[in-house]
Amino acid sequence: MLNRLIIRNYALIDNLDISFSKDLNILTGETGAGKSIMMGALSLLLGQRAESKYFYNQDKKCIIEGIFSVQTLNIEELFQQNDLDYDAETVLRREISSDGKSRSFVNDTPVNLTVLRQLGEKLIDIHSQHAILEINDKDFQLNVLDIVAGHTILLTTYQKFFKLHQKASNKLNTLLKESEQLKADQNYFQFQYDELESAGLISDEQENLEKELNTLTHAEEIKSNLIQISYLINGTDNSVISQLKEAISCLQNAEKFNQYLNELTGRLKSSLIEIKDVATETEYIEQQTGVNEIRKSEIIARLNIIYTLQKKHRVNTIPELLTFQESIFEKLNSILFTEESIANLTIELTSLKTEMQFRADEISENRRIVIPKLEKQIQEILQELGMPQAVIKINQIKLNEDQLGVSGYDQVQYLFSANKGQQPLPMNRVASGGELSRLMLSIKSLIAKHASLPTLIFDEIDSGISGEVALKVGHIMESLSGNMQIIAITHLPQIASKGHSHYWIYKDESSERTLSNIKILDKEERTLEIAKMLSGENPGEFAIQNARELLNR
């Protein structure tokens, strides 16, 4: 429900602050007084594109603010989806600067126009003479049928399974594409893995082999040097060992006379022992060293395998090859996992489709049953609205099982005929603007009996009607206002007389610049306004009396 509307600096409005009642609010005024301006401001609040050329004062920004009661509309989820603070009294605000830049807020949280429009659609439904756009919409027509059928919970459950089915189906399609690509590469992956696996790579193998190959390659040179070392250490009378022994003997002779030489003697003896060990090891290594062409060939062959694999996979070390081997192993495993996931998803999809079909059949049957009831109720209201020959025909078209949509199997088509003997046809081909307005009013009045609707604004839908029909239109609006807030802009006194609150929109030319303004009328002012609507600017006593009678009905 729209509790309050604030408009600042828009078109002919400088500063307007108006509160609405919860039932039927009537807005009247002369043509050009500002009714369309108010509707334009409200459209901006609901997300319409803004233009600064419509500002009252180009030096100030335009501000439009609406305060709504939303506790009965069940829109908490929309607030959660957009990370907005939910409040039973929600404030929408639109600020437009003179350079055309726009900012939008919901409960003081900045939002983009898309969110503003989504929320606005849940709060206000504007019904004008151009209702043909909505009334011919297939989704709207089906939604009307579902509301009257009263299977909201069933439809919600079906849509839950439909979304799950869509999600699973999209996932399956993705997996199938991945599987197709993986299978195309599977043989290649398997060949790579087998090649690396058969190589039996060891992390530090390459370094050890390269060292061993270097030793075998230079075996003769190593052996020759070792022989020379052995000869120098212990091979002649002048060898290192012989000379050390002679030096030790000299020290032993001298230490008889100098006790401090004992330490030097001990150190030379230790050196002699160390050099003898070196000589022994040198001889051993020399004996072990030799040219082994067989082993050398084996190492070269093994290193060639390693180098070939490294070059092939563009790496430099065995650890990198082992990492690559592990990645291929994971890819091969993922192929098996993908196939298992595909099998599981296929089973899940079958189960979800069974659930969907069961509920879709029930929904479709409910629609079939309620169609005659809905046709009859619409025609009865149209008869009250001065269209006694009107016929409404609703065709239910059931799709194939593989065409299940978000609303089930069905599509519907509303056919209409306003005149006797005329074949019912799609409404945009046979209905005039006035007929469409009454048809939409009939449908909205039926919906209001079965569901909570947002504020409904009737913007001059009284074209082409008058007299008793106008009274009945007003009566239906009055009945609707028992379940929801109605704001009706009208030129007909019969409709205006049904309002619980009556607002008069007028031009104020008392200052240098014309202003558009609005005021709520008291009982006497309202009587006079309706009398003017009946007979003109200066109503006589008869018109005033007629206005009183309309108000007292």
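The values are calculated or read from the model by the stated rules, or taken from the named source; none is laboratory data. The structure displayed is predicted, hence computed values, not measured ones. Neighbour counts run over all protein chains shown; Cβ positions are idealised from the backbone, glycine included.
Within segment 374-387, is even one residue small (Gly, Ala, Ser) and either part of a helix (DSSP H, G or I) or modelled with pLDDT of 90 or more (or both)? The answer is no; no qualifying residue exists.
With respect to the conditions (1) in a loop (DSSP other than H, G, I, E, B); (2) closer than 30 Å to Asn262 by Cβ, Glu246 lacks only one, and its number is (1).
Just checking: which of the strands (runs of 3 or more DSSP E) contained wholly in segment 1-52 hold 1 or more residues that are out of contact with any Phe, Trp or Tyr (no Cβ under 7 Å at 6 or more places or on another chain), acidic (Asp, Glu) and assigned by TED's automatic domain parsing to the domain that holds Ser511?
It comes to 13-19.
Considering every residue within segment 284-298, establish whether at least one is among the charged types (D, E, K, R), farther than 28 Å from Asp204 by Cβ, assigned by TED's automatic domain parsing to the domain that holds Ser230 and free of Cβ contacts under 8 Å to residues at least 24 places away in the same chain. The answer is no, given that none of the residues of segment 284-298 is among the charged types (D, E, K, R), farther than 28 Å from Asp204 by Cβ, assigned by TED's automatic domain parsing to the domain that holds Ser230 and free of Cβ contacts under 8 Å to residues at least 24 places away in the same chain. If you check Gln389, Gln377, Gln383 for being closer than 30 Å to Gly474 by Cβ and either exposed (fewer than 12 other Cβ atoms within 10 Å of the Cβ) or free of Cβ contacts under 8 Å to residues at least 12 places away in the same chain (or both), only one passes: Gln383.
Looking at this structure, is Leu336 modelled with pLDDT under 90, in contact with a helix residue (DSSP H, G or I) (Cβ under 7 Å, 6 or more places away or on another chain) and over 30 Å from Ser407 (Cα atoms)?
Working: modelled with pLDDT under 90: yes; in contact with a helix residue (DSSP H, G or I) (Cβ under 7 Å, 6 or more places away or on another chain): no; over 30 Å from Ser407 (Cα atoms): yes.
Spelling it out, it is not the case that Leu336 is modelled with pLDDT under 90, in contact with a helix residue (DSSP H, G or I) (Cβ under 7 Å, 6 or more places away or on another chain) and over 30 Å from Ser407 (Cα atoms).
The single condition from (1) more than 32 Å from the chain's Cα centre (by Cα); (2) β-branched (Val, Ile, Thr); (3) within 30 Å of Asp83 (Cβ to Cβ) that Ile153 fails is (1).
Might you check whether a residue that is of a type outside the set (Ser, Thr, Tyr) and either touching a Gly at 6+ places or on another chain (Cβ under 8 Å) or at positive phi (or both) occurs anywhere in segment 318-340?
Our first condition is that a residue be of a type outside the set (Ser, Thr, Tyr); within segment 318-340, this holds for 318-322, 324-326, 328-333, 335-337, 339-340.
Imposing the further condition that a residue be either touching a Gly at 6+ places or on another chain (Cβ under 8 Å) or at positive phi (or both) reduces the set to none.
Looking through segment 318-340, none of the residues is of a type outside the set (Ser, Thr, Tyr) and either touching a Gly at 6+ places or on another chain (Cβ under 8 Å) or at positive phi (or both).
Filtering Arg429, Arg368 for residues that are surrounded by fewer than 13 Cβ atoms within 10 Å (Cβ to Cβ), in a helix (DSSP H, G or I) and not assigned by TED's automatic domain parsing to the domain that holds Ile465 leaves a single hit, Arg429.
Restricting attention to segment 412-433 and to residues that are of a type in the set (Ser, Thr, Tyr) and at pLDDT 85 or above, the residue that is nearest to Asn136 (Cα to Cα) turns out to be Tyr414. Of all residues in segment 498-530, those that are of a type in the set (Gly, Ala, Ser) and over 27 Å from Gln485 (Cβ atoms) total 2. Under the condition of being touching a residue at least 24 places away in the same chain (Cβ under 8 Å) and either of a type outside the set (Val, Ile, Thr) or exposed (fewer than 15 other Cβ atoms within 10 Å of the Cβ) (or both), the residues counted in segment 84-112 number 14.
Of the residues Leu436, Leu492, Leu471, Leu415, the single one that is surrounded by fewer than 18 Cβ atoms within 10 Å (Cβ to Cβ) and either over 30 Å from Ile153 (Cα atoms) or free of Cβ contacts under 8 Å to residues at least 40 places away in the same chain (or both) is Leu415.
Condition first: modelled with pLDDT of 90 or more, touching a Gly at 6+ places or on another chain (Cβ under 6 Å) and closer than 17 Å to Leu2 by Cβ. Can you find one or more residues in segment 80-92 that meet it? Looking for residues that are modelled with pLDDT of 90 or more, touching a Gly at 6+ places or on another chain (Cβ under 6 Å) and closer than 17 Å to Leu2 by Cβ, one finds at least one in segment 80-92, hence yes. With respect to the conditions (1) basic (Lys, Arg); (2) at pLDDT below 85; (3) in a helix (DSSP H, G or I), Arg302 lacks only one, and its number is (2).
Residues of segment 189-209 that are among the hydroxyl-bearing types (Ser, Thr, Tyr) and surrounded by 11 or more Cβ atoms within 10 Å (Cβ to Cβ): Tyr193, Ser203. Might you let me know whether segment 186-197 holds any residue that is part of a helix (DSSP H, G or I), among the aliphatic types (A, V, I, L, M) and out of contact with any helix residue (DSSP H, G or I) (no Cβ under 7 Å at 6 or more places or on another chain)? No, segment 186-197 contains no residue that is part of a helix (DSSP H, G or I), among the aliphatic types (A, V, I, L, M) and out of contact with any helix residue (DSSP H, G or I) (no Cβ under 7 Å at 6 or more places or on another chain).
Scanning segment 507-531 for residues that are at pLDDT 90 or above, outside any loop (DSSP other than H, G, I, E, B) and not β-branched (Val, Ile, Thr) yields Lys519, Lys523, Glu524, Glu525, Arg526, Leu528, Glu529, Ala531.
Out of the residues in segment 532-545 that are part of a helix (DSSP H, G or I) and free of Cβ contacts under 8 Å to residues at least 40 places away in the same chain, state the one that is surrounded by the fewest Cβ atoms within 10 Å (Cβ to Cβ). Ranking the qualifying residues of segment 532-545, first place goes to Glu541.
Take Leu399 and decide whether it is surrounded by 13 or more Cβ atoms within 10 Å (Cβ to Cβ), under 20 Å from Lys138 (Cβ atoms) and free of Cβ contacts under 8 Å to residues at least 40 places away in the same chain. Judged against the criteria, Leu399 is a match. Please verify whether Glu263 is without any contact (Cβ under 8 Å) to a residue 24 or more places away in the chain, surrounded by 14 or more Cβ atoms within 10 Å (Cβ to Cβ), of a type in the set (Asp, Glu) and over 27 Å from Leu209 (Cα atoms), treating the condition exactly as stated. The answer is no for Glu263.
Look at Ile126 and say whether it is β-branched (Val, Ile, Thr), at pLDDT below 90 and part of a strand (DSSP E or B). Explain how you work it out, then say what you get.
Values: β-branched (Val, Ile, Thr): yes; at pLDDT below 90: yes; part of a strand (DSSP E or B): yes.
Yes: the conditions hold for Ile126.
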